Amino acid sequence: MFVGCGCVLQSKKVCLRTVRESDLELIYKLMTDVSEKGEYWLIDIPAEPAFRRGFAERGFWHDNFGRLLMVDQEQAGRIIGEIIYYRNADYRAGYEVGYQIFKREDRGKGYMSEALALFSSFLFESKPIPRLQLTVIAGNEASRKVAEKCGYRYEGTLRKAAFHAGKYVDLELFGLLREDCPPLQLAE
């Protein structure tokens, strides 16, 4: 737990902030706890030296990748998840967004909808991009609802695009255009 979260962006329930060196051990533990991932998480466990190197080199924030921690506003900055952006192909305009809540007990409480809306608006106001996109494993209704609540529109299905739980699964692609995203409004 962290006292005083040092918000970069905040809404009613969540604060989004950069990663600190003192966070690394806890974040790595939360990111790699497979028992908390849930049935739709594409399990990707980064090597710890590479994870730490990513922080040491650029603090998890540069032109083609950024990671912010999501902390609970009401519980002294308790880390509940992360939200990232990345360029998944040089020829694509915009970024892909990914997110996760680390523990099952924190899911379904509206944290992610607030975080995604805030993060999307921030990216459009700070980057010269025309669009953002995200993918959801077909059948993951909770994540689909988060995307739709934040203005992302279904754009199609990428058939058998990911390997999950021993088989190839479809990914649903959602996109948000700059002109469809509300302006950045920070909570007071």
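The values are calculated or read from the model by the stated rules, or taken from the named source; none is laboratory data. If you're wondering where the values come from, they're calculated on a predicted model, not measured in any experiment. Positions of Cβ are generated from backbone atoms using ideal geometry, with glycine treated the same way; all protein chains shown enter the neighbour counts.
Brief remarks on what is shown
- From the list Gly38, Gly98, the one residue that fits, being of a type in the set (Gly, Ala, Ser) and at positive phi, is Gly38.
- Yes/no for Lys103 being within 30 Å of Leu26 (Cβ to Cβ) and touching a residue at least 60 places away in the same chain (Cβ under 8 Å): yes
- Scanning segment 30-56 for residues that are over 18 Å from Arg87 (Cα atoms), in a helix (DSSP H, G or I) and free of Cβ contacts under 8 Å to residues at least 24 places away in the same chain gives Val34, Ser35, Glu48, Pro49, Ala50, Arg53, Ala56.
- Taken over segment 169-188, the criterion of being loosely packed, with under 13 Cβ neighbours inside 10 Å and at pLDDT 95 or above is satisfied by Glu179 alone.
Residue-wise test of (1) buried (at least 16 other Cβ atoms within 10 Å of the Cβ); (2) modelled with pLDDT under 95.
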position	(1), (2)
Val3	no, yes
Lys12	no, yes
Cys15	yes, yes
Lys29	no, yes
Val34	no, yes
Arg58	no, yes
Leu69	yes, no
Tyr91	no, yes
Val97	yes, no
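- Residues satisfying the stated conditions in segment 117-168, i.e. farther than 16 Å from Tyr40 by Cβ, free of Cβ contacts under 8 Å to residues at least 60 places away in the same chain, out of contact with any strand residue (DSSP E or B) (no Cβ under 9 Å at 6 or more places or on another chain) and surrounded by 13 or more Cβ atoms within 10 Å (Cβ to Cβ): Lys149
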